Amino acid sequence: MMKTIKANELICPYCGAIYSEKEIDFEENKDNEMICKNCGRTYNYNVHISYSSWKKED
Ligand SMILES: [Zn+2]
């Protein structure tokens, strides 16, 4: 069963442990795999950082 959790923080899909950005070593996790420090299971994650821009009204 595929279950995707969308949140502002990274949350382990197995145990629900929450990781703040400071706790995630993105350099070490280039394959988008994380080993949960809490339950020890491996899971995949995606990071979506997006920018929006628009014209300011004169
Ligand atoms: Zn976990």
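When ranked by the protection proxy of mean other Cβ atoms within 10 Å per residue, highest first, what sequence do the peptides 37-49, 9-21 form?
Sorting 37-49, 9-21 by mean packing, highest first, produces 9-21, 37-49.
Calculate I(q)/I(0) for the chain by the Debye formula, one identical point scatterer on each C-alpha and no solvent, and give its log10 at q = 0.14, 0.22, 0.27 Å⁻¹ to two decimals.
Taken in order of the listed q values, log10 I(q)/I(0) reads -0.45, -0.91, -1.32.
No value in this document is a laboratory result; all are computed from the given coordinates. The shown structure was predicted, so the numbers you read here are calculated from the model rather than taken from an experiment. Every residue, glycine as well, gets a Cβ built from its backbone with ideal geometry; the counts of neighbours run over all protein chains shown.
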